[in-house]
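Every read-out reported here was derived from the displayed coordinates using simple, explicitly stated rules and does not represent laboratory data. Everything quoted here is computed from the prediction, not taken from an experiment. Every residue, glycine as well, gets a Cβ built from its backbone with ideal geometry; the counts of neighbours run over all protein chains shown.
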Amino acid sequence: MSTSNLNPHIALLPSAGMGHLTPFIRLIPLLTSHNVKITVITPHPTLSISESESLSELFTSFPQVTRKQLHLPLPPLDDEPSSKSQDPFYNRFEVIRRSSHLLLPLLSSLSPPLSALITDMSLASTVIPITNSLQLPNYIFFTSSAKMLSLFLSFHALDDPKAKDFIEISGFEPIPKSWIPPPLLDDANNAMKIYFTECGKKMKESSGILVNTYESIEGESLKAFNSLPPVIAIGPLPPIKFERNQSLAWLDDQPAESVLYVSFGSRTAISREQIKALADGLVKSGKRFLWVVKDKKVDRDDETELVDLIGEELMERVKEKGMVVKNWLNQEEVLSHPAVGWFLSHCGWNSLTEAIWHGVPMLLWPQHGDQKINADLVERIGVGMWAKSWGWGDSVVVVKGDEIADTVREMTGNEFFRLRAAQVQDDARKAFGEGGSSYDRLNDLVDSWKCSP
Ligand code: UPG
């Protein structure tokens, strides 16, 4: 006799940084609308202020969602240098991983008993053994593109001595080595590479891998995953509108589709020389712009005044046509504003899918990690132009203002990108709308939980 569970209980375990937290948050209303009971396990304390504020908004807006904290040890990392990365967010992944033993009692104490756990990709290697011991299905949420997932599952291919210019991954188009951040290629002991390789291997034991993507932009990659576990495309996850007192008064005064929005996501700081050159380039482009400046990776450390970063004289020129801020702006609201016409982006996967969702064409300037792989994908679908000669964000070469100005003018003057962005927006919304591919995949997933005992 078959049994059913009409109100499955699912726990979500995000890791560190807004790029990883945001897609988990977006999943919540979709699951609660299917009568799924949700518990969110939040590593505590969070590294950034934006994570802690987003979580407060989440639990205020969804009082039916249960919060459990995973208390992290402080001070965070104490030992072998090999475990430390230069990036505070990767170090935080490691701290959460080392606290995973706390999950066993936490998961077994939840009531009603869990139907499944959904775990961030960066925690797969330590959490899957725990859920295996509890015989609890564990789905991995991969927060980047399906193309990036193909590399993540084959990270060991980076060490293949036969690979000259390309990384070969069976079934997928080869990935140029120049798209891989140099530390991952050059340093066999790179901490991030070691644990991403472990996570990629372990993910194969999960019950399924959820990806915030959809068939019409990544159909080929999605088809190429033909072995277990299933790869389930559930995106692009629509943004959630929280109540905020965000003032976009400056944008409200600008003509329709006249503003270039410039942002490098939640955790990418560019060098001070590059900040000045970017300011110069934006001014020289003659375009209106709204620019969110980040001087430090972690928002709590970002204390320098804007004028000290940009300089008084340049700041005066910037104000003629632009608005520059250092505080967090709700990007989703910015991208949906009628005055925003283009987006200069670092190519974080959430930013790209948000721009697609709102039909905003992009100038692509990948800075690190998965971002060149993402930039290629967006360029191929015709929604953006990748400034390839600008290189990685941490390169010592500063891209000059004049070059930035020329490229901004070239991209914003090309109407093709805007037309194409409108078509791709339409496809994205269809994928997520009733009867769309991602809509169906999510329904099937929830149904499978409801049908299990
Ligand atoms: N955001 C805001 N306001 C800001 C800055 C960011 O709302 O002022 C939001 C933005 O809308 C997005 C998120 O923060 O939802 C940022 O995510 P993303 O665009 O993916 O960039 P990162 O924060 O850099 O994300 C990390 C990696 C990126 C990767 C992503 C998902 O840097 O390369 O694709 O995680 O794995």
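In this label model, GLU53 and LYS319 are separated by 2.3 nm, measuring between points 7 Å along each Cα→Cβ vector. Put in line by how crowded their Cβ is, counting other Cβ atoms within 10 Å and starting with the fewest, VAL127, VAL398 read VAL398, VAL127. Helix-only arithmetic for the chain: the sum of -39500 (n - 2.57) across DSSP H runs with n ≥ 4, divided by the residue total, places the mean residue ellipticity at 222 nm at -12500 deg cm²/dmol. Applying D = kT/(6 pi eta Rh) to segment 26-173, where Rh is the Kirkwood radius over alpha-carbon pairs, T corresponds to 37 °C and eta to 0.692 mPa s, the Stokes-Einstein value obtained is 185 µm²/s.
For segment 204-274, the relative contact order comes to 29 percent (Cα pairs under 8 Å, sequence separation of at least 6).
Expressed as a whole percent, how much of the Cα-Cα distance distribution for segment 219-315 exceeds 15 Å?
Working: 3485 of 4656 pairs.
Looking at segment 219-315, the distances longer than 15 Å represent 75 percent of pairs.
In this structure the amide hydrogen of ARG288, modeled in the peptide plane, comes within under 5 Å of the amide hydrogens of LEU260, none closer than 5 places in sequence on its chain.
Label-to-label distance, SER33 versus ASP301, with points set 7 angstrom from Cα along the beta-carbon direction: 3.9 nm. Among beta bridges from DSSP that stay inside the chain, the antiparallel ones total about 5%.
Relative to its residue count, segment 231-388 spans a Cα convex hull of 131 Å³ per residue.
Net charge dipole, segment 259-396: roughly 380 debye, given to the nearest 20, about the Cα centre with Cβ charges of +1 for Lys and Arg and -1 for Asp and Glu.
Protection proxy ranking, highest mean first, for peptides 334-342, 296-304: 334-342, 296-304, where packing is the per-residue count of other beta-carbon atoms within 10 Å, averaged.
All Cα-Cα distances of segment 128-232, cut into 5 Å bins from zero to the largest, leave 2, 12, 21, 23, 19, 14, 7, 2, 0 percent in each bin in turn. Note on segment 39-192: with charges restricted to the Cβ of Lys and Arg (+1) and Asp and Glu (-1), its dipole about the Cα centre is near 440 debye. When the charge dipole of the chain is built from unit charges on Cβ atoms (+1 for Lys and Arg, -1 for Asp and Glu) and taken about the Cα centre, the candidate among THR412, VAL396, ALA224 whose Cα reaches farthest toward its positive end is ALA224.
The orientation-averaged shadow of the Cα convex hull for segment 334-404, equal to a quarter of the hull surface, comes to 5.0 nm².
For segment 4-44, the residues whose backbone nitrogen is under 20 Å from a point 7 Å from the Cα of GLN246, taken along Cα to Cβ, are 17-30.
In the calculated pair distance distribution of segment 266-333, what percentage of Cα-Cα distances lie above 15 Å? Please report the intermediate quantities before stating the final value.
Values: 1143 of 2278 pairs.
Above the 15 Å cut-off, segment 266-333 has 50 percent of its Cα pairs.
Remark: relative contact order (segment 287-365) = 28 percent; criterion is Cα-Cα distance under 8 angstrom and separation of 6 or more residues.
When the Debye formula is applied to the Cα atoms of the chain, each taken as the same point scatterer, what base-10 log of I(q)/I(0) results at q = 0.06, 0.09 Å⁻¹? Cα-only, vacuum Debye calculation for the chain: -0.25, -0.58.
What does the extension gain come out to for ASN132 and GLN69, with contour length at 0.36 nm per residue minus their alpha carbon separation?
Working: separation 63, 0.36 × 63 = 22.68 nm, distance 2.15 nm.
Residue separation times 0.36 nm, minus the Cα-Cα distance, leaves 20.5 nm.
Over the C-alpha atoms of segment 331-451, the Rg to Rh ratio, Rh being the Kirkwood estimate, stands at 1.06. If R0 is taken as 35 Å, the Cβ-Cβ distance between SER448 and GLU379 corresponds to a FRET efficiency of 0.45. Only the Cβ atoms of Lys and Arg (+1) and of Asp and Glu (-1) were treated as charged; on that basis the dipole of the chain about its Cα centre amounts to roughly 820 debye. Between segment 26-55 and segment 201-271, the C-alpha centres lie 16 angstrom from each other. Applying 1/(1 + (r/R0)^6) with R0 = 25 Å to the Cβ-Cβ distance of LYS388 and LYS164 gives a FRET efficiency near 0.80.
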